[in-house]
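For reference, the structure discussed in these notes is given below.
The values are calculated or read from the model by the stated rules, or taken from the named source; none is laboratory data. What you are looking at is a predicted structure, and each value in this text was computed from that prediction instead of being measured. All Cβ positions, even for glycine, are placed from backbone atoms using ideal geometry, and neighbour counts span all protein chains on display. Note: areas computed on protein heavy atoms with side chains; ligands, DNA, RNA excluded. Shrake-Rupley method; radii C 1.70, N 1.55, O 1.52, S 1.80 Å.
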Amino acid sequence: MSMQFKRLLPIPKDIREEMPLSAKMTERKAAFDAEVASVLTGDDDRRLVIIGPCSADREDSVLEYATRLAGLAERVRDKLVIIPRVYTNKPRTKGTGYKGLLHNPDPEGPSDLLGGVKAIRHMHLRVVEETGMFTADEMLYPSNYQYLIDLLAYIAVGARSVENQEHRLVASGVTMPVGMKNPTGGSTDVMLNSIFAAQQPQTFLFRNWEVETSGNPLAHAVLRGYIGEDGLNYPNYHYEYLERLAAKYTEDDFQNPAVIIDCNHDNSGKRPLEQVRIAKEVLDSCRRSPAIGGMVRGFMVESYLEDGSQPLDGGVWGKSITDPCLGWEKTERLVLEIAERC
């Protein structure tokens, strides 16, 4: 067993200076961040939709998707605030295989982390500058979000990471909303403990610094379903679960209790077409219960240009090489239906 230190990578500040965000978009981001915060606090009755590919695998197709999404976002802006998923890290249950753009800027090539940190910055930056939309990514590695800190409107902490101490503490110090997913085993208490920790001031070691945070009042829950002890998928978006959660996840213990429903993953059993039905069912629950309606602040949807998924070498442009996604035509229809029902 050994660990080889191969090369020293540029610090995030150097990468940001090499590929800077324009002054115009820097100014616009502050206004957009305020919009997103108002939705999560309930001051704005619109809902968030965080939507895009399971994994942002190539720049040209992701940019085409984001360009279409920007036009759709403008059509529904009075009802929805849309954030494109540009997920550049791919968690792997067994630690092997394609790990996303950060590791593999060429999905079929070897790992190249220097090329990867530049590729993720370049992709996010192009989406922001060319579509005017600020992006979402997953905090798979807490130290790496700083490569994108000025571009991100939303950060997710995944089901495999939500119990990790460093993820919780770093989430307490970032300046944008952080969605804490329920763990793969489904524990509501683990998820709520993560949210509570992220909302508190914290002191910890980060990138060789002793840092203090003020806590993140916009840390919130993301429900993504779970795997039971029998190995089967179990959803947690149904009315009864949301009703119980609303009784437990209250302003007595949490700031701005808010929930985003992840319509794919274990909620759908990775059947992307089910995302349409799930979103509609949740909106029906919101209408039946003021408590649920006040708590559910939006949706997360996995969507790309083409339906389904393909192998790494599948060759279909705009089709997921990881989990199957909803294609563009169905995506557009779903977003318009969510807006109509809100």
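Run through segment 6-92 and list the chymotrypsin sites (Phe, Trp or Tyr not before Pro) located in a DSSP loop whose Cβ has at most 10 other Cβ atoms within 10 Å.
In loop regions of segment 6-92 (DSSP not H, G, I, E or B), there are no sparsely surrounded chymotrypsin sites (Phe, Trp or Tyr not before Pro).
The residues of the chain have, on average, 45 Å² of accessible surface per residue, using a 1.4 Å probe with all protein chains present.
Each helix, a run of at least 4 DSSP H residues, gives -39500 (n - 2.57); summed and divided by the residues of the chain, these come to -11500 deg cm²/dmol at 222 nm.
Once the mean of 1/r is taken over each pair of separate Cα atoms and inverted, segment 194-342 shows a Kirkwood hydrodynamic radius of 17.3 Å.
Amide hydrogen proximity for Gly215: with H placed 1.01 Å from N in the peptide plane, the residues at 5 or more positions away or on another chain lying under 5 Å are Gln202. Restricting segment 139-243 to GluC sites (Glu not before Pro) that sit in a DSSP loop and have at most 13 other Cβ atoms within 10 Å of their own Cβ leaves Glu229.
Give the Debye-formula value of log10 I(q)/I(0) at each listed q (0.16, 0.21 Å⁻¹), with one equal scatterer per alpha carbon of segment 64-181, two decimals each. With one equal scatterer per Cα and no solvent, log10 I(q)/I(0) is -0.80, -1.23.
In order along segment 40-50, the phi-based Karplus estimate (6.51 cos²θ - 1.76 cosθ + 1.60, θ = phi - 60°) of 3J(HN,Hα) comes to 5, 7, x, 6, 10, 7, 6, 10, 7, 10, 9 Hz; Gly and Pro are listed as x. Based on C-alpha pairs under 8 angstrom that are at least 6 apart in sequence, segment 224-342 has a relative contact order of 22 percent. Within segment 1-93, the proportion of C-alpha pairs whose separation exceeds 15 Å stands at 75%. Over all Cα atoms in segment 46-93, the spread is summed up by Rg and Dmax: 12.1, 39 Å. A simple rule links phi to the HN-Hα coupling: the Karplus curve 6.51 cos²θ - 1.76 cosθ + 1.60 with θ = phi - 60°, which for segment 55-66 gives 9, 7, 8, 8, 5, 5, 6, 5, 5, 4, 4, 5 Hz, with x for Gly and Pro. Of Met300, Met25, Met191, which is the most mobile in a GNM of the chain whose springs link Cα atoms less than 10 angstrom apart? For the chain, modelled as a Gaussian network with Cα springs under 10 Å, the answer is Met25. Mean sequence separation of contacting Cα pairs (under 8 Å, at least six apart), scaled by the length of the chain, corresponds to a relative contact order of 16 percent. A Förster distance of 22 Å, applied to the separation of the beta-carbon atoms of Arg68 and Arg341, puts the FRET efficiency at 0.50. Values [x] 32, 62, 6; [y] 31, 58, 12; [z] 28, 57, 15, 0 are given for comparison; P(r) over Cα pairs in 20 Å bins from 0, in percent, derived from the coordinates here, is the one labelled [x]. Over segment 202-288, the ratio between the Cα radius of gyration and 2.2 N^0.38 Å evaluates to 1.39. Between Arg297, Arg277, Arg16, the residue with the greatest mean-square fluctuation in the GNM of the chain (Cα pairs under 10 Å linked by springs) is Arg277.
Largest to smallest in accessible area, the residues Met1, Met19, Met176 fall in the order Met1, Met19, Met176 (1.4 Å probe, all protein chains included). Mean sequence separation of contacting Cα pairs (under 8 Å, at least six apart), scaled by the length of segment 1-95, corresponds to a relative contact order of 29 percent. Kirkwood radius, segment 129-281, all distinct C-alpha pairs, inverse of mean reciprocal distance: 16.1 Å.
For the chain, give me the percentage of DSSP beta bridges that are antiparallel, rounded to the nearest 5 percent.
Values: 7 of 38 bridges.
In the chain, DSSP labels about 20 percent of beta bridges as antiparallel.
Close amide H partners of Ile83, meaning residues 5 or more places away or on another chain with modelled amide H under 5 Å apart, are Val49, Ile50, Ile51. Counting only protein heavy atoms and a probe of 1.4 Å, the accessible surface of the chain is 49% carbon and sulfur.
Listed values for segment 69-85 are Karplus-derived 3J(HN,Hα) couplings in whole Hz (6.51 cos²θ - 1.76 cosθ + 1.60, θ = phi - 60°), namely 5, 4, x, 5, 4, 5, 5, 10, 4, 6, 10, 9, 10, 9, 10, x, 6, and x replaces Gly and Pro.
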